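The structure appears below as structure tokens.
The values are calculated or read from the model by the stated rules, or taken from the named source; none is laboratory data. Bear in mind the structure is a predicted one, so any value in this text is a computation, not a measurement. Reconstructed Cβ throughout: ideal geometry from the backbone, glycine too, with neighbour counts over all protein chains shown.
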Amino acid sequence: MQFAKLRLIGFKSFVDPTELVIEPGLTGIVGPNGCGKSNLVEALRWVMGETSPKRMRGDEMEDVIFAGSVTRPARNIAEVALSLDNSARRAPPQFNDEDWLEVSRRIERGNGSVYRINGKEQRARDVQLLFADAATGAHSTALVSQGRVSAIIGAKPTERRGLLEEAAGIAGLHSRRHEAELRLRAAEANLARLDDVILTLEGQYQSLRKQARQATRYRNVNDQIRRAEALAFHLQWVELAARGETAAAALAAVETEVAALTERAALAATAQAEA
């Protein structure tokens, strides 16, 4: 990937929209002290994912926003956009289908930074890995600020190793490995929690299974009781019906006997009267 254009607005001393075209070959920026040469290098660092305000010569990251002057009011927003020529297809896979990439970073007072690649919002980590894979980035050895050479000479072996890894373009691999390890640990933690959930659910399952068996037995016993009660009621009704029929027959026999006796008594009375 090749840097093609740097666009700034509201960033440090570049209060007005400013566009720096980076042509193939050697590009030099000259000017007197205080004209903003260092601000351009810091704009490159910033858009590539710099997170340290001190590296931007500030106390907090919002210090990159134009703070105002005697004749110009302060800005609330700063934005830097870097256009990249990706015709050689060296970008990460998720961005490698485009011939051109525009990486932008926008900061608003009180709201923090927002990164975008070709207009789509991205994580800061994605932007940092994009440049790390291209052997550059906010901490690239190609960006030499004041005092940087002395710092490199006096660097510890581990720090020098980091510089060599950045120059070789493998610094992004360590970041990806670290992210993969974090995801792995998170997955392991999720599995451990899942095991706990499974144990809890198994306990609940056994309890519910026992309750289901008890409920089934209750329904069966209840059905048996209802059938027994129904049978008892039926037998009782049959017995009472039989008793009723017997009583009715006895009543009819008594009534017949009474009628016969009444008739004989009447005949006897008639015969006695005639005698």
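Which number in (1) more than 15 Å from Q2 (Cα to Cα); (2) modelled with pLDDT of 90 or more; (3) under 27 Å from the mean Cα position of the chain (by Cα); (4) not in a loop (DSSP other than H, G, I, E, B) marks the one condition that E62 misses?
(3)
I'm told K156 meets every condition in (1) modelled with pLDDT under 90; (2) surrounded by 10 or more Cβ atoms within 10 Å (Cβ to Cβ) except one. Can you identify the failing condition by its number?
Result: K156 passes all but (2).
Among the numbered conditions (1) surrounded by 11 or more Cβ atoms within 10 Å (Cβ to Cβ); (2) of a type in the set (A, V, I, L, M); (3) under 39 Å from the mean Cα position of the chain (by Cα), tell me where A88 comes up short.
For A88, the exception is condition (1).
In the range 127-142, what residues are at pLDDT below 90 and of a type outside the set (S, T, N, Q)?
L129, L130, F131, A132, D133, A134, A135, G137, A138, H139, A142
How many residues are at pLDDT below 85 and either under 38 Å from the mean Cα position of the chain (by Cα) or hydroxyl-bearing (S, T, Y) (or both) if we restrict to the range 2-46?
Count: 1.
Inside the range 60-75, can you point out the residues that are surrounded by 12 or more Cβ atoms within 10 Å (Cβ to Cβ) and without any contact (Cβ under 8 Å) to a residue 40 or more places away in the chain? Break it down stepwise before answering.
First pass over the range 60-75, keeping only residues surrounded by 12 or more Cβ atoms within 10 Å (Cβ to Cβ): 61-67, 74-75.
The answer is D63, A67, A74.
Of everything in the range 20-59, what is among the small types (G, A, S), surrounded by 14 or more Cβ atoms within 10 Å (Cβ to Cβ) and assigned to a loop (DSSP other than H, G, I, E, B)? Give them in sequence order.
Result: G36, G49, G58.
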